[in-house]
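Student: Below you'll find the structure I mean.
The values are calculated or read from the model by the stated rules, or taken from the named source; none is laboratory data. Keep in mind it's a predicted model, so treat the numbers as computed, not measured. Counting neighbours? That spans all protein chains shown, and the Cβs are built from the backbone with ideal geometry, glycine included.
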Amino acid sequence: MIEPHLDEIVDLFYARLLEYPPAAATLSLVPDLDLLKSKQQRYLRSLGCEFHTPAYFESRLKVGVTHLYVGIELAVYQYAFFALQQLLLERIPAQAPDAPQLAMFLLKITALDISLAIEAYEAREKIDFGQRIRTLARKQASLQKLADIDTLTGVLRRKPILDLVQQKLSTMAPDQVVCVLLADLDHFKNVNDTYGHPVGDFVLKDTVERIRATVRRVNPVGRYGGEEFLILLSEANLEQATAIAERVRERIAAAPIQTDEHTIPVTISIGIGAAHGGDDLAELIRRADKALYAAKRAGRNRVDVCVASTA
């Protein structure tokens, strides 16, 4: 039924496509319309041939994917199938005894091809949607990471560093010890009052660089307050934490901070809080703050420790 009218069907098919503006716009971009017509003839010759085999389904899906990748909109694709379907139905001889059965077969086989084409498009849309979700998730994670970082010093903000401490406390074994260092620059208000806030900002950034150069990368550092920093030592006992705190203190006091115009001596006081299994975040921070206050009261540029929760 198709073969004797193949050229006519294909010519009429493309003529009808040109009557549909979106399809006409797509065809205007085709460099070789005759090549496209020859492919359409091959497609028509294979229509319904061995449609019960997996190879038929695979070939139709590939056709859909090909049209998808060359940028043909699904609406244009569906219109093309509808136009082709009508042309084929018009070629069924009305007087043929099996005309109703043939028409039904054509409707079913073209509907199958349309369904497979749509499936190819929907599969790609799902892939694209999944990729968009993953891209958005990565962007969200990046934005969250940026939101967690103190813009001046480059270390964690107060809430993220406390969240890390809380997470460690929640997962620690009963016999484990978690220590935090609460470090506060001595007389920092005098730096701002004497040299101005831009110099004060420079001092804060230089201080953070010295801290990070002293502690291991696995030990998170956060800006707890204006000139106060919290360091989580999740893998250090109290003796080790004290040694680390002393190294930080010595590193800060070892050399003055040099700006273009000023030489500024800086020291830091550090309080150490230790927690055991069952201790909560508030208690751990209270201990570190108590030790820091003791270091300040004892003359500054010191390290002090608070382990017990008693006053």
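Student: Restricting attention to the range 146-184, report how many residues are acidic (Asp, Glu) and either assigned by TED's automatic domain parsing to the domain that holds Gly225 or under 16 Å from Asp289 (Cα atoms) (or both).
Tutor: 3
Student: For the structure I just gave you, tell me whether Lys205 is surrounded by fewer than 21 Cβ atoms within 10 Å (Cβ to Cβ) and out of contact with any Leu (no Cβ under 7 Å at 6 or more places or on another chain). Give the steps one after another, and end with the answer.
Tutor: Details: surrounded by fewer than 21 Cβ atoms within 10 Å (Cβ to Cβ): yes; out of contact with any Leu (no Cβ under 7 Å at 6 or more places or on another chain): no.
No: the conditions fail for Lys205.
Student: Just checking, does the range 220-237 include any residue being modelled with pLDDT of 95 or more, surrounded by fewer than 22 Cβ atoms within 10 Å (Cβ to Cβ) and either more than 19 Å from Thr153 (Cα to Cα) or more than 34 Å from the chain's Cα centre (by Cα) (or both)?
Tutor: For the range 220-237, residues modelled with pLDDT of 95 or more, surrounded by fewer than 22 Cβ atoms within 10 Å (Cβ to Cβ) and either more than 19 Å from Thr153 (Cα to Cα) or more than 34 Å from the chain's Cα centre (by Cα) (or both): absent.
Student: Within the range 51-66, count every residue that is farther than 21 Å from Leu106 by Cβ, at pLDDT below 70 and of a type outside the set (S, T, N, Q).
Tutor: Here the count works out to 1.
Student: Condition first: closer than 13 Å to Ile244 by Cα and either outside any loop (DSSP other than H, G, I, E, B) or of a type in the set (Asp, Glu) (or both). Now tell me which residues in the range 206-220 satisfy that.
Tutor: Arg210, Ile211, Arg212, Ala213, Thr214
Student: What about Leu116, is it modelled with pLDDT under 80, surrounded by 14 or more Cβ atoms within 10 Å (Cβ to Cβ), under 26 Å from Ala25 (Cβ atoms) and in contact with a helix residue (DSSP H, G or I) (Cβ under 6 Å, 6 or more places away or on another chain)?
Tutor: Details: modelled with pLDDT under 80: yes; surrounded by 14 or more Cβ atoms within 10 Å (Cβ to Cβ): yes; under 26 Å from Ala25 (Cβ atoms): yes; in contact with a helix residue (DSSP H, G or I) (Cβ under 6 Å, 6 or more places away or on another chain): yes.
Yes; evaluated as a whole, the condition is true for this residue.
Student: Return the pair list, or none, for Cβ contacts closer than 9 Å from residues in the range 244-259 that are without any contact (Cβ under 8 Å) to a residue 40 or more places away in the chain to residues that are surrounded by 14 or more Cβ atoms within 10 Å (Cβ to Cβ) and among the hydroxyl-bearing types (Ser, Thr, Tyr), at least 6 apart or on different chains.
Tutor: Arg247/Thr214; Glu250/Thr214
To keep it simple, each residue is scored yes or no on (1) more than 17 Å from Arg91 (Cβ to Cβ); (2) surrounded by 13 or more Cβ atoms within 10 Å (Cβ to Cβ); (3) touching a Ser or Thr at 6+ places or on another chain (Cβ under 7 Å).
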position: Val10; (1), (2), (3): no, yes, no
position: Ala15; (1), (2), (3): no, no, no
position: Pro21; (1), (2), (3): yes, no, no
position: Asp32; (1), (2), (3): yes, no, no
position: Ser38; (1), (2), (3): yes, no, no
position: Leu47; (1), (2), (3): no, yes, no
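Student: Sort through Arg16, Arg42 and tell me the only one that's closer than 13 Å to Ala80 by Cβ and in a helix (DSSP H, G or I).
Tutor: Step by step, each of Arg16, Arg42 is checked, and only Arg16 is closer than 13 Å to Ala80 by Cβ and in a helix (DSSP H, G or I).
Student: I'd like to know if the range 294-301 contains one or more residues that are surrounded by 13 or more Cβ atoms within 10 Å (Cβ to Cβ) and within 41 Å of the chain's Cα centre (by Cα).
Tutor: So far as the range 294-301 goes, no, none of its residues is surrounded by 13 or more Cβ atoms within 10 Å (Cβ to Cβ) and within 41 Å of the chain's Cα centre (by Cα).
Student: From the list Asp193, Asp148, which residue is surrounded by fewer than 21 Cβ atoms within 10 Å (Cβ to Cβ), in contact with a strand residue (DSSP E or B) (Cβ under 7 Å, 6 or more places away or on another chain), without any contact (Cβ under 8 Å) to a residue 24 or more places away in the chain and more than 21 Å from Asp304 (Cβ to Cβ)?
Tutor: Result: Asp148 is the single residue among Asp193, Asp148 that is surrounded by fewer than 21 Cβ atoms within 10 Å (Cβ to Cβ), in contact with a strand residue (DSSP E or B) (Cβ under 7 Å, 6 or more places away or on another chain), without any contact (Cβ under 8 Å) to a residue 24 or more places away in the chain and more than 21 Å from Asp304 (Cβ to Cβ).
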